[in-house]
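Read through the structure below, which is laid out as structure tokens, and then see the notes.
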Amino acid sequence: MTSLDPLADVPLPALPARESLCGLSADRIAGWLSEHNHPAYRASQLRQWIYGRRAESIDEMADLPASLREQLGDEFDLFTGRLARHQVAGDRTEKLLVELTDGKRVECVLMRETRRWTVCISTQVGCAMGCVFCASGLLGLDRNLSRPEILEQILRLTRRLEPDERLTNIVVMGIGEPLANLPALLGALEEVHAEDGLGLSPRRVTISTVGLPAGIRQLADVGRPYNLAVSLHAPNDELRNRLVPVNDRIGIAEILKAADDYFERTGRRVTYEYVLLAETNDQPRHARQLAALLADRNAHVNLIPMNNVKELNWNCPGEPQTQRFATILDEAGVATTVRKKKGADIDAACGQLRLENLGNDIPQPTETEAG
Ligand code: SF4
């Protein structure tokens, strides 16, 4: 495992023996077709099968000549990963555990709401940020995901959609810190936005960060109106240092400054994520401190009642405590939403499914007192 330094160079995977067809860029597809003496218009047919028609196999691409399908099959797999586990919750939330070519595993989730289909994807194997309430942070960071590995999660989940359902939103809130693997993420998102890709606007994509100011500024430099979600989880540095250890090298003030810059440069209102942990960060004084931090900002708070994780000692606050917290923020003029639990009967907290399947000894978190 690598160190806890969020800005350290992190290894990428070795190139797999066979490439993923779904992971090829438009340029690579065009180049490959030209090298193999196929007409250029085959590229748009191929991309249509990958993105619009959600092909499950190369053989299914019926309007491509058999010789082309055979050549593609000789060199490429549709996906290079393997589906290790698939869970479906009572509310039809679906969670996939994908095994990558080096045996590492990542998870991704499809959530269904009325006329809204959202996928949540991972960007790293493990995570270096070490948030004490998070299953993913328990085992540290292993490596970054590559661009095709990130894209594979999205495309596998689109294949779970019914014919009359379509992808409407992407949240980059799965395992890992997205801003610590930004080039690979942005590469995958280019296919998401492309007209002949998934055709989804950047406004439909939310990128979540623990709050790396340099990464937030890099994201603003990209010039696309992505939604930014900052996982704050505490209203003061003393408490945040305990819950989100990377904070002791950054501090809340720097994070808010970078988030303010992001809003000024992109015009996108920043969301602050706040996982409510019973008896830890859910008290009225915490709500008042949070309100004081955010009241003069164009901010939105997303309160997330903790998903109980059996390996961790944190608990979900009761409904009255959650409502009391939300009311204090509302009364201070801070727009607040309490996130609905999706997939409560599957392992829906990030990292849980991977953790369960690793079978490792899980280190226990230390007790944290209220700040
Ligand atoms: S909550 Fe997010 S940033 Fe924190 S350890 Fe888990 S995956 Fe990493």
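Taken over the range 266-292, residues that are more than 16 Å from the ligand (Cβ to nearest atom), outside any strand (DSSP E or B) and more than 17 Å from Thr327 (Cβ to Cβ) amount to 6.
Look at (1) within 16 Å of the ligand (Cβ to nearest atom); (2) under 22 Å from Leu276 (Cβ atoms) and you find that Pro235 fails only one, number (1).
Can you tell me which of (1) modelled with pLDDT of 95 or more; (2) surrounded by fewer than 18 Cβ atoms within 10 Å (Cβ to Cβ); (3) closer than 27 Å to Gly176 by Cβ is the one Ala66 doesn't meet? Among (1) modelled with pLDDT of 95 or more; (2) surrounded by fewer than 18 Cβ atoms within 10 Å (Cβ to Cβ); (3) closer than 27 Å to Gly176 by Cβ, the lone unmet condition for Ala66 is (3).
When the range 169-191 is filtered for residues that are touching a Phe, Trp or Tyr at 6+ places or on another chain (Cβ under 9 Å), surrounded by fewer than 24 Cβ atoms within 10 Å (Cβ to Cβ) and of a type outside the set (S, T, N, Q), nothing remains. Return the residue satisfying two criteria in turn: it lies in the range 238-265 and is closer than 20 Å to Cys134 by Cα and of a type in the set (A, V, I, L, M, F, W, C), and of such residues it is nearest to the ligand (Cβ to nearest atom). Going through the qualifying residues, I end up with Val244. Taken residue by residue, the range 185-197 has no member that is touching a Cys at 6+ places or on another chain (Cβ under 9 Å) and of a type in the set (Gly, Ala, Ser).
Yes or no, residue by residue, for (1) surrounded by 17 or more Cβ atoms within 10 Å (Cβ to Cβ); (2) closer than 22 Å to Glu152 by Cβ; (3) in contact with a Phe, Trp or Tyr (Cβ under 9 Å, 6 or more places away or on another chain):
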| position | (1), (2), (3) |
| --- | --- |
| Leu200 | yes, yes, no |
| Arg203 | no, no, yes |
| Ala220 | yes, no, yes |
| Ile250 | yes, no, no |
| Asp260 | no, no, no |
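The values are calculated or read from the model by the stated rules, or taken from the named source; none is laboratory data. Bear in mind the structure is a predicted one, so any value in this text is a computation, not a measurement. Here Cβ is always computed from backbone atoms with ideal geometry, including for glycine, and neighbour counts include all displayed protein chains.
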